[in-house]
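These notes are about the structure you will find just below.
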Amino acid sequence: NVLDHLIDPLGALLKIKGLLEENGVVYIRVPNFQYHYVAYRIGKILEQLINNDFAVKTTIFHIYCFTSKTLSFILKRAGFKKVHIRWSRPSYEDPYRIFSKFFRPMIPWIKNSIFLISKILFLFTQKRLLISPSIEALAQV
């Protein structure tokens, strides 16, 4: 989860490509913009119901926001030939400490439920809708 924090992600990928040997592979994991945008919109609705800044606490937006298409595009633009994008399993923590101690034991269950729903949507939309909290890319030189 670094690429989305960089000022020049394309430049960084070009440098990485230059360091890899022939057939070398890079692994990248970034927050999935599609997921976080939808979560933010839902969070804004919940804010009105519970009077809390829920949307900001539960979504991630960095310098760059990637979707499966934009991540694939930038990797190919950097010269990577074989690019495989997939959803990423969720973390099991509450790194921003947004939930009370009462809810923390439920976080793995909630995150796994969201992950399962995202997999079902992915298959149901014939692999067009990749909506999980994070996406991963494996790209080969």
Exercise for the section: Look through region 102-141, keep the residues that are among the small types (Gly, Ala, Ser) and out of contact with any helix residue (DSSP H, G or I) (no Cβ under 7 Å at 6 or more places or on another chain), and return whichever of them is modelled with the lowest pLDDT. Expected result: Ser118
Completion exercise
Checked against (1) within 27 Å of Arg128 (Cα to Cα); (2) surrounded by fewer than 15 Cβ atoms within 10 Å (Cβ to Cβ); (3) modelled with pLDDT under 80; (4) not acidic (Asp, Glu), Phe73 satisfies every condition except (3)
Practice task
Answer with yes or no whether Asp94 is charged (D, E, K, R) and modelled with pLDDT under 75.
Solution key: yes
Exercise for the section: Go through the residues of region 12-24 one by one and say whether even a single one is open to solvent by less than 20 Å² (accessible area, probe 1.4 Å) and more than 17 Å from Arg77 (Cβ to Cβ). Expected result: yes
Exercise for the section: Could you run through region 107-134 and say how many residues are β-branched (Val, Ile, Thr), assigned to a loop (DSSP other than H, G, I, E, B) and without any contact (Cβ under 8 Å) to a residue 40 or more places away in the chain? Expected result: 1
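If I ask for residues that are over 30 Å from Lys15 (Cα atoms) and open to solvent by less than 30 Å² (accessible area, probe 1.4 Å), which ones from region 112-141 would you list?
Phe115, Ser118, listed by residue number.
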Problem - Condition check for Phe99: more than 30 Å from Gly11 (Cα to Cα) and at pLDDT 80 or above - result: no
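The values are calculated or read from the model by the stated rules, or taken from the named source; none is laboratory data. This structure is a prediction, so every number in the text was calculated from the model and none was measured. Cβ: placed from backbone, ideal geometry, glycine included. Neighbour counts: every protein chain shown. For accessibility, only protein heavy atoms count, side chains too; no ligands or nucleic acids. Shrake-Rupley method; radii C 1.70, N 1.55, O 1.52, S 1.80 Å.
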